[in-house]
1. Inside the stretch 75-97, can you point out the residues that are within 20 Å of the chain's Cα centre (by Cα) and surrounded by 15 or more Cβ atoms within 10 Å (Cβ to Cβ)?
2. Condition first: touching a residue at least 12 places away in the same chain (Cβ under 8 Å) and either within 26 Å of Val68 (Cα to Cα) or surrounded by 12 or more Cβ atoms within 10 Å (Cβ to Cβ) (or both). Can you find one or more residues in the stretch 108-120 that meet it?
3. Any residue in the stretch 60-75 that is within 20 Å of Leu98 (Cβ to Cβ) sitting within a Cβ distance under 6 Å of a residue that is part of a helix (DSSP H, G or I) and polar (S, T, N, Q)? List the pairs, counting only those 6 or more apart or interchain.
4. Look at the stretch 112-143 and say how many of its residues are among the small types (Gly, Ala, Ser), outside any loop (DSSP other than H, G, I, E, B) and over 17 Å from Ala28 (Cα atoms).
5. Residue check: is Ile88 within 19 Å of Leu60 (Cα to Cα), of a type in the set (A, V, I, L, M, F, W, C) and at pLDDT 90 or above?
6. Among the residues in the stretch 61-68, are any of a type in the set (Gly, Ala, Ser) and part of a helix (DSSP H, G or I)?
7. For the subset of the stretch 31-70 comprising residues that are modelled with pLDDT of 95 or more and among the hydroxyl-bearing types (Ser, Thr, Tyr), which member is farthest from Tyr104 (Cα to Cα)?
Amino acid sequence: MNEEVVSPEGDNRRAVLVILSLSAVVVAFLFWFIYGRGTSAYEAAAPGWVANLPAVNASLNTLSATFVVAGLLFIKRGLKTQHAAMMIAATVSSVAFLVTYLIYHYFAKHTPFAGEGWIRPAYFFILLSHIVLSVVVVPLIGSTLFFAAGRKF
């Protein structure tokens, strides 16, 4: 009998490697989709409702943040079921944001920043930090969802 015993740590390590690999694929796709597709994708005429998507995106981000704060307040009070519901709602609204963001950027033409003076480096600093943080958060969300689904708190 030569049975291989897999430890929980090994399972977790394997899961984290899968999450990191999937995250790299997702981030690479997003960079290609937003920055690398070229201009041929803009040939399709945007439906009128696409112009409303930036406001929808802002609303979805506001909802996500509200759900996260509510979830934090619930878990601090020991209300695990309500906390879980808020985290699920935050995840769903974040996924909805990503979908509408991609739809918008499918149709939107690239608009270079035209600001001058001190606002230009400030804008690019905020943009760069936003991009870096969005890349970092993808595997964090994946890991959080994996461990929460397995009830490994």
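The values are calculated or read from the model by the stated rules, or taken from the named source; none is laboratory data. Source: prediction; values computed, not measured. Counting neighbours? That spans all protein chains shown, and the Cβs are built from the backbone with ideal geometry, glycine included.
1. Matches in the stretch 75-97: His83, Ala85, Met86, Met87, Ala89, Ala90, Thr91, Ser93, Ser94, Ala96, Phe97.
2. The answer is yes, given that some residue of the stretch 108-120 is touching a residue at least 12 places away in the same chain (Cβ under 8 Å) and either within 26 Å of Val68 (Cα to Cα) or surrounded by 12 or more Cβ atoms within 10 Å (Cβ to Cβ) (or both).
3. Leu60/Ser93; Leu63/Ser93; Ser64/Ser93; Ser64/Ser94
4. Summing the residues that are among the small types (Gly, Ala, Ser), outside any loop (DSSP other than H, G, I, E, B) and over 17 Å from Ala28 (Cα atoms) in the stretch 112-143 gives 3.
5. Yes.
6. Taking every residue of the stretch 61-68 in turn, at least one turns out to be of a type in the set (Gly, Ala, Ser) and part of a helix (DSSP H, G or I).
7. Thr66
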